[in-house]
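What follows is a single structure, written as structure tokens, with notes after it.
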Amino acid sequence: MLTIGNFDGVHLGHQALLARVRAAAAARGLPVCVMTFEPHPREYFMPDRAPARISNLRDKFEALRSQGVDRLVVEHFNAHFAGQSPEDFVRNIIVDGLHTRWLLVGDDFRFGAKRAGDIEYLREAGRRFDFVVEQMPTIAHNGVRISSSEVRTALADGNFERAHALLGRPYAITGHVVHGMKLGRKLGFPTLNLRIAHKHPALTGIFVVQVHGLADKPLPAVASLGLRPTVDDSGRVLLEVHLLDFSGDCYGKLVRVEFLQKLRDEAKFDGLAELEAAIAQDTREARAYFAHALDANSPSARRDFATSATDRIS
């Protein structure tokens with residue numbers, strides 16, 4: 001049982017499609033298979049106008065796994081793959097490669113060189129090669145079509161409540177903690193550094209976040225996601241996270257950074273003194289955010305938060 005798509009974000013529309021595949025697979029006793037692409041086709045054809053990435057590959061894999069996907073096929077989108085005719089795509093990939101018996105696609109699915117293949121072509125091919133083709137209608141939320149574009153807009157606006165509603169879960173980025181320039185430590189704000197493999201994240205700026213994976217409860221933090229224009233002109237995107245009231249060796253650990261609120265856009269400062277002052281202000285605002293959240297919670301929740309904030313990992 002196969003479905004094909006980019007699945008950036010694995011939002012509620014994707015989840016509805018995957019639920020239909022799971023039901024069809026269960027009825028036939030077959031595994032659920034997803035085929036996706038790396039890079040995004042628009043990154044290949046129009047790198048300067050490619051859509052921002054909601055998910056890195058790790059987070060996409062995990063989101064698909066959580067939706068009951070048994071097998072994931074990642075096709076490298078290159079000149080050879082892009083140049084396949086619709087007939088070659090069907091024969092080489094769907095039939096000979098994946099031995100597909102049942103295929104579900106979205107209402108805007110196109111494939112093959114110059115996007116020449118459409119749903120009617122697929123249905124005709126299914127009759128010839130003996131596989132069933134179904135089409136999934138648009139899924140809407142409060143009258144608005146759920147799409148990766150809508151999620152990107154919500155994230156770019158810092159509207160994490162709407163992003164949560166569209167994704168069905170809080171927005172987060174997962175990665176291993178790597179060594180950085182150690183500049184934050186010198187400024188008095190040591191950070192966890194997570195590399196962002198792609199150049200177009202769906203959001204940039206300074207954020208209140210909480211970090212999962214270092215303790216038995218999420219840890220409060222403030223984070224910067226972007227190009228670090230004051231100290232780096234390489235064009236490399238980095239996620240830097242300063243944990244509040246925490247110390248410990250985190251290198252190599254896998255963490256999940258959950259975004260809670262945007263504080264400001266990224267800025268280039270005139271020297272390290274201005275940068276240090278801005279980070280100090282960001283940290284104060286993050287502390288105020290968590291203090292306000294504590295005031296809104298019960299005494300037991302406050303005790304849990306205090307415990308999590310003082311956990312230590314050696």
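The residues of segment 117-142 that are aromatic (F, W, Y) and part of a loop (DSSP other than H, G, I, E, B) amount to a single one, F131. Could you tell me whether H198 is open to solvent by 70 Å² or more (accessible area, probe 1.4 Å) and either closer than 26 Å to E38 by Cα or of a type in the set (K, R) (or both)? No: the conditions fail for H198.
If we scan segment 215-231, do we find a residue that is among the charged types (D, E, K, R), open to solvent by 40 Å² or more (accessible area, probe 1.4 Å), modelled with pLDDT of 90 or more and not assigned by the TED database to the domain that holds L57? Scanning segment 215-231, I find at least one residue that is among the charged types (D, E, K, R), open to solvent by 40 Å² or more (accessible area, probe 1.4 Å), modelled with pLDDT of 90 or more and not assigned by the TED database to the domain that holds L57, so the answer is yes.
Report yes if some residue within segment 64-78 is touching a strand residue (DSSP E or B) at 6+ places or on another chain (Cβ under 8 Å), in contact (Cβ under 8 Å) with a residue 60 or more places away in the chain and open to solvent by 20 Å² or more (accessible area, probe 1.4 Å); otherwise report no. Within segment 64-78, not a single residue is touching a strand residue (DSSP E or B) at 6+ places or on another chain (Cβ under 8 Å), in contact (Cβ under 8 Å) with a residue 60 or more places away in the chain and open to solvent by 20 Å² or more (accessible area, probe 1.4 Å).
Of the residues making up segment 17-51, those that are open to solvent by 30 Å² or more (accessible area, probe 1.4 Å) and either hydrophobic (A, V, I, L, M, F, W, C) or in contact with a Gly (Cβ under 8 Å, 6 or more places away or on another chain) (or both) are A19, R22, A23, A26, A27, L30, F45, M46.
Look at segment 126-141: where a residue is at pLDDT 95 or above and a partner is of a type in the set (S, T, N, Q) and not in a helix (DSSP H, G or I), sitting 6+ places away or on another chain with Cβ atoms under 7 Å, you get F131/T100. Number of residues in segment 125-149 that are of a type in the set (D, E) and open to solvent by 70 Å² or more (accessible area, probe 1.4 Å): the value is 1.
State whether the residues of segment 96-108 include one that is assigned by the TED database to the domain that holds R42, outside any strand (DSSP E or B) and crowded, with 20+ Cβ neighbours inside 10 Å.
Within segment 96-108, the subset assigned by the TED database to the domain that holds R42 is 96-108.
Within this subset, residues satisfying the condition of being outside any strand (DSSP E or B) are 96-101, 107-108.
Checking the rest, the ones that are also crowded, with 20+ Cβ neighbours inside 10 Å come to 100.
There is at least one residue in segment 96-108 that is assigned by the TED database to the domain that holds R42, outside any strand (DSSP E or B) and crowded, with 20+ Cβ neighbours inside 10 Å.
Condition check ((1) of a type in the set (F, W, Y); (2) in contact (Cβ under 8 Å) with a residue 60 or more places away in the chain; (3) surrounded by 13 or more Cβ atoms within 10 Å (Cβ to Cβ)) across all residues:
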site	(1), (2), (3)
G235	no, no, no
E240	no, yes, yes
D270	no, no, no
E274	no, no, yes
I279	no, yes, yes
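The values are calculated or read from the model by the stated rules, or taken from the named source; none is laboratory data. Since we're looking at a predicted model, the values are computed, not measured. Every residue, glycine as well, gets a Cβ built from its backbone with ideal geometry; the counts of neighbours run over all protein chains shown. Note: accessible area is taken over every heavy atom of the protein model, side chains too, but ligands, DNA and RNA are not part of it. Shrake-Rupley method; radii C 1.70, N 1.55, O 1.52, S 1.80 Å.
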